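Taking it in order: structure first as structure tokens, then the write-up.
Every number in this text was worked out from the coordinates using simple rules, so none of it is lab data. The structure displayed is predicted, hence computed values, not measured ones. Cβ sites come from the backbone with ideal geometry, for glycine too, and all protein chains shown count toward neighbours.
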Amino acid sequence: GVGSDGKGSSNILPEIVYSLLTDSTIGAGNLIGVEAVDKPAMTTAAKFCHANGFYWDGVITDSQNLREFIYEQATTCFLDFVVKGGKFSLVPNIPYNVNNYQMDRTATFESPQETNLKIKALFTDGNTKDLKCSFLSPEERKTFRANVIYRVEKTNGFAKNKLISLRLDNNQSDNSWQGGSEDDPVETYDCSDWLTSSTHADQFAKYSLRTRQLVDHGITMNVAPQSVIGLSPGDMFTLYSQITHTSRFSNGIVLPDGTIQSQTSISNGDTIYYWNPNDDDRNGEVQSGTIAISGTKATGPSGIRGSVFTKAQSNASDRIYKIESISYGEDGLIELTGSIVPITSSGKLAVLEWDSNDFV
């Protein structure tokens, strides 16, 4: 059973993984063993899956690459496969209530006491070096329609497969988020071998769509060794930087007649950077200024028509990242890699903001 030492059949992934890592008959116990698995973390993960109905009702019939198998299956159960201090474990990758292990979509960074959602470190321009940012390719950011196939069991009968098909709505409740389209390509997740819950399938589809929609870049930086004491992959940290950030949704072009084409609304008086390659008066250089809009068309500043622009965000920007890896870098420093954790204005995890009106 969940979190107990009893033995028997199980349909909870952390318990199955624990057996695969420690049992010498059905798993890799001779190579890994009990000493190399973080049992308390596995117990927490098992209780998390049980509380939220994330079950793994499947059969392993073929030999598998064990690490690859665990990594792929963990993602669909909202878990991260982590190696910490030489020990393997599964860790929930979304906030949950520490009292009942229920998924907590209301968790905020301002009041994390009731959840496991905590920011473990702060990095600034003063304690980081060689900060690099890498954006995902356009193909990796493309919105899509998620088809999740799951299995419906019938007592004393034959099981049948069903499909949940969701895409992002064209209009999002937060207009800074990219909407979907009827023309979005289909990506199919065939989970019928082990997934038997329509609720789980629906949550997984929405989480996948939100992640693709909002997670668009990662960073790499070097920090002092004392800065990473107590940190491990999966932890979250804040990066507070004076370096100008731009949002990929706050960009656009102005046509020669003044028509503005942009993903998000641009208001009269917004500060922008703009570039008009055909503007001989400014030698084709990037300019900054305040955009003037009359009706629906841009009238200023001078040279704005026929330009590419972006809204300026030159103030200090604080963003939250999730640690993906910690390794030794050069000069005795520690290299951190992290992926962006999008948050809402109220401090919640944006990938868990599921408004039914946001999906079709």
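Could you tell me how many degrees, from 0 to 90 and to the nearest 10, lie between the Cα long axis of helix 13-22 and the main elongation axis, the longest principal axis, of the Cα atoms of the chain?
60
Per residue of the chain, what 222 nm ellipticity follows from adding -39500 (n - 2.57) for every DSSP H run with n ≥ 4, rounded to the nearest 500?
-4500 deg cm²/dmol
Just checking my list (i) 36.7, 134; (ii) 21.5, 69; (iii) 24.0, 80 against Rg and Dmax of the Cα atoms in Å computed from this structure; which label fits?
Step by step, Rg and Dmax of the Cα atoms in Å for this structure corresponds to label (iii).
From the Cα gyration tensor of region 38-183, with a ≥ b ≥ c the square roots of its eigenvalues, which class applies: rounded if a/c is under 1.5, or else prolate if a/b is larger than b/c, or else oblate? Kindly include the intermediate steps, with their values, before the conclusion.
Numbers: a/c = 1.59, a/b = 1.18, b/c = 1.35.
Oblate.
Sticking with the crude label model, points 7 Å out along Cα→Cβ, report the distance from residue 220 to residue 129 in nm, one decimal please.
It works out to 1.6 nm between the two label points.
Work out, step by step, the length gained on full extension between residue 147 and residue 265: first 0.36 nm times the residue separation, then minus their alpha carbon distance; give nm to one decimal. Before the final figure, lay out each step's value.
Details: separation 118, 0.36 × 118 = 42.48 nm, distance 3.14 nm.
Answer, rounded to one decimal: 39.3 nm.
Scanning the chain for GluC sites (Glu not before Pro) in DSSP loops with at most 14 other Cβ atoms within 10 Å, what's the longest stretch left with none? Don't jump to the answer; show the numbers that get you there.
Values: sites that count: 110, 153, 182, 285, 330.
Segment 1-109 is the longest.
Could you check the spin-label model distance between residue 302 and residue 65? Points 7 Å from the Cα along Cα→Cβ, value in nm.
According to this spin-label approximation, the distance is 6.1 nm.
Determine the alpha carbon to alpha carbon distance for each of 47/87; 142/162; 118/154; 160/206 and list only those over 31 Å.
On the way: 47/87 19 Å; 142/162 25 Å; 118/154 42 Å; 160/206 23 Å.
In this structure, 118/154 lie more than 31 Å apart at Cα.
Enumerate the calculated ³J(HN,Hα) couplings along region 294-307 in order (Karplus 6.51 cos²θ - 1.76 cosθ + 1.60, θ = phi - 60°), each rounded to whole Hz, writing x wherever the residue is Gly or Pro.
Result, rounded to whole Hz: 10, x, 10, 10, 7, 10, x, x, 4, x, 6, 6, x, 10.
Give the shape of region 74-151 as rounded, prolate or oblate, defined through the alpha-carbon gyration tensor: a ≥ b ≥ c are the square roots of its eigenvalues, a/c under 1.5 means rounded, and otherwise the shape is prolate if a/b is larger than b/c and oblate if not.
Details: a/c = 1.57, a/b = 1.08, b/c = 1.46.
It comes out oblate by the Cα gyration axes.
Any idea how far apart residue 35 and residue 97 come out in nm if each label point goes 7 Å out from Cα toward Cβ?
Between residue 35 and residue 97, the simple spin-label model gives 4.1 nm.
Can you list the residues of region 89-108 with backbone N under 12 Å from a point 7 Å past the Cα of residue 173, pointing along Cα to Cβ?
106
Rounded, prolate or oblate, given the Cα gyration tensor of region 1-98, with a/c below 1.5 counting as rounded?
Values: a/c = 1.37, a/b = 1.26, b/c = 1.09.
The shape class here is rounded.
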